[in-house]
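Colleague: Here it is, the structure in full.
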Amino acid sequence: MNTIFLKLFGSVLFLFLIVLLPLGFVVQQIFSTYNESHLQEETAELAQQQADLLPLLDERRLGLLVDALSENTAREIALAGANGEIETSSGVEEFSPAALGAEGTYQDEASGREYYYAEAEAASNSFDVTSVYVFSPKHLLGGSMNELLLALIWAGTGSILLALGFTFIAARRLTSPLRSMEKAARQMATGNLNVQVPASSKDELGSLARSMNELARDLKQFRNTRREFLSNVSHELRTPLSYVQGYSRALKEGWYRSEEEKQQYVHLIHDESHRMTRLINDVFELSKMEEDRFPLAWELVQIEEIAEAAVQKIKPRARQKGIDVSFDADPDLPAAAADPMRVEQIFSNILQNAVTYTHEGHIDVTLSRQNKQIWCRFSDTGTGIDEEHLPYIFERFYRTDKSRSRAHGGSGLGLAIARELTELHHGSISVQSRTGQGTSFLIQIPAAEEEEE
Amino acid sequence: MKKREWVPAVLFIVLGIHCFVMPGFVLTGSLNVHSYLAQVLHVCFWIGIPIFLTGIIYLVWKKRKRSKGETS
């Protein structure tokens, strides 16, 4: 039994009791009052009937009338003379109309019974009877009222049981998805993120179930990414560290044959430590970018100037490989609000990749204006990227050729950083590639609005 | 809802109907199978009215929602 179910169940029972008990009391009061007035009217009518009969009766029949009423019904009768004294009665001898009035209640002390009584004036008759009193015992009401009360209790119990039955079904149906969600949340808390909550309904509960499923998916993705990230970082650090360890030990133990070999080892240690520093810096910057804690020095810049500077910086390396780098920008490019250092970092990362994976041919950098955006396209004639790798190349440490990529010296974070930086500049980055034909990166950066300018 | 969860619900409803039938016999004082079943049918009829009306309203609401979804 869950608590919400019991609360719903208890609430309905409570509500029904609140409504039914006073309702039962009021209904009982209504019936009681109605019956009393009905009995009083009936008594008055009967008294009138008896009074009307009096002039038609003789002495013997008068006695029969009194006895018949007394014996055949629960009622009593009393006949009073002109002086107000009771002449004859059927068991209410102590009744005194002078003291009690024309109608009301009377308790016979001899029998202990309580009566309603009513008076009717008799027409002139041979017995000198001026008033006829008829008495109806109150216990006549008691019996029917008890039956009514019992019927009300049955009906009240029936309504409560029916309400509980239907509430049971409604509460179960309402709390069933909640119980599933609670179970799923418990499983998620213990680390099982493969749970799925059924989300068939379109109400708030369905929406909550869908949100929980999305949360489970996101958490699972986050956990996988974190594991992969830690595994990648440790792998990327282990390789240079083992180089540093090995060559420093060689130096320490004097395992070199010449000063030239010693210097080679020192260079290798320096290169690997430099590589580790760059990797750690990249990881640190990337984590700051992903947590939106990366400060950007915003200013209005001409993107083509930054791109040209990045091209100039990469040209010597490209020239060493015999690759031609061309730069072309539309003359009327608008300014953009950006951090120039970070935009250059984006361009440099793309260009370094282009030079690394292009062995012959050329790299073309073209900048153009498209609506309210500046399009920066970096195309090369390099090895290209297989289609299967394209969706993942902006992920951290993703390498298309794991065996050869270390030889190129990259940290595996260049494109991930480029994407994060582009998104921080409210832009987007996309790639098109064909294996063996080359790759083209398109970076779209929003142009500055007039008010920004 | 599982089958065993229906048991208490149905039990409550059956007992409730029985309780509703009883006042008729308390007041009239006559009890036989025929009049009992007739009374049960009467009570079920009155219970069925709100269920029927709710069902109609639900179907109309669902139909309207579907037609709105198709037009938008």
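The values are calculated or read from the model by the stated rules, or taken from the named source; none is laboratory data. None of these values were measured; they are calculated from a predicted model. Methodologically, a virtual Cβ is constructed for each residue, glycine included, from the backbone with ideal geometry; neighbour enumeration extends over all protein chains shown. These area figures cover heavy atoms from the full protein model, side chains too; ligands, DNA and RNA do not enter into them. Shrake-Rupley method; radii C 1.70, N 1.55, O 1.52, S 1.80 Å.
Colleague: Go through A:276-289, A:19-32 and give me the packing order, highest mean Cβ count within 10 Å leading.
Modeller: Per-residue Cβ counts within 10 Å, averaged per peptide and sorted highest first, yield A:276-289, A:19-32.
Colleague: If you average the sequence gap of Cα pairs under 8 Å that are 6 or more apart and divide by the length of chain A, what percent do you get for the contact order?
Modeller: After rounding, I find 10 percent.
Colleague: Determine the share of the protein assembly as shown's accessible area contributed by carbon and sulfur atoms, expressed in whole percent, with a 1.4 angstrom probe.
Modeller: 56
Colleague: Using a/c under 1.5 as the rounded threshold, could you call segment A:52-123 rounded, prolate or oblate? The axes a ≥ b ≥ c are square roots of the C-alpha gyration tensor eigenvalues, and prolate needs a/b larger than b/c, oblate otherwise.
Modeller: oblate
Colleague: Counting only other chains, and only Cβ atoms inside 10 Å, what mean value do you get across the residues of B:24-30?
Modeller: That average works out to 3.
Colleague: So for each of A:165-178, A:209-222, A:414-427 I average, over its residues, the number of other beta carbons within 10 Å; can you give me the resulting order with the highest mean first?
Modeller: Descending mean neighbour count gives A:414-427, A:165-178, A:209-222.
Colleague: Along Cα→Cβ, 7 Å out, is where each label goes; now give me the distance between the ones at A:Q49 and A:R369 in nm to one decimal.
Modeller: 11.2
Colleague: With a ≥ b ≥ c taken as the square roots of the eigenvalues of the C-alpha gyration tensor of chain A, please select rounded if a/c is under 1.5 and otherwise prolate if a/b is larger than b/c or oblate if it is not?
Modeller: prolate
Colleague: Report the FRET efficiency, 1/(1 + (r/R0)^6), for A:S430 and A:S11, where r is their Cβ-Cβ distance and R0 is 56 Å, rounded to 0.05.
Modeller: Plugging the Cβ-Cβ distance into 1/(1 + (r/R0)^6) gives 0.50.
Colleague: Can you tell me how segment A:283-347 classifies by the Cα gyration tensor, rounded, prolate or oblate, using a/c under 1.5 as the rounded cut?
Modeller: Oblate, because a/c is 1.5 or more while a/b does not exceed b/c.
Colleague: So if R0 is 56 Å, what FRET efficiency would A:L237 and B:L59 give, r being the distance between their Cβ atoms, rounded to the nearest 0.05?
Modeller: For A:L237 and B:L59, the calculated efficiency is 0.30.
Colleague: Now for a different question. Could you tell me the distance between the Cα centroids of segment A:50-91 and segment A:330-390, to the nearest Å?
Modeller: 125
Colleague: Is it possible to state the helix-based mean residue ellipticity at 222 nm for chain A, with each DSSP H run of 4+ residues giving -39500 (n - 2.57), the sum divided by total residues, to the nearest 500 deg cm²/dmol? What is it?
Modeller: When only DSSP H runs of four or more count, the value is -20000 deg cm²/dmol.
Colleague: Just how many pairs of Lys in chain A have C-alpha atoms closer than 28 Å, counting pairs that are eight or more places apart or on different chains?
Modeller: Close lysine pairs under the 28 Å cut-off: 14.
Colleague: Provide a whole-number value for the mean count of partner chain Cβ atoms within 10 Å of the Cβ atoms in peptide A:146-153.
Modeller: Per-residue shielding by partner chains comes out at 3.
Colleague: Moving to a separate point now. Give, in nm to one decimal, the length gained when the segment between A:L21 and A:N281 is fully stretched (0.36 nm per residue of separation minus the Cα-Cα distance).
Modeller: Once the chain is fully extended between A:L21 and A:N281, it gains 86.0 nm.
Colleague: Related question: Considering only DSSP beta bridges with both partners in the protein assembly as shown, what is the antiparallel share in %, to the nearest 5?
Modeller: 90
Colleague: Per residue of B:6-19, count partner chain C-beta atoms within 10 Å of its C-beta, then hand back the mean as an integer.
Modeller: Average per residue, whole number: 6.
Colleague: Let me ask another. So, in Å, what gap is there between the alpha-carbon centers of segment A:217-246 and segment A:144-159?
Modeller: Between the Cα centres of segment A:217-246 and segment A:144-159 lies a distance of 77 Å.
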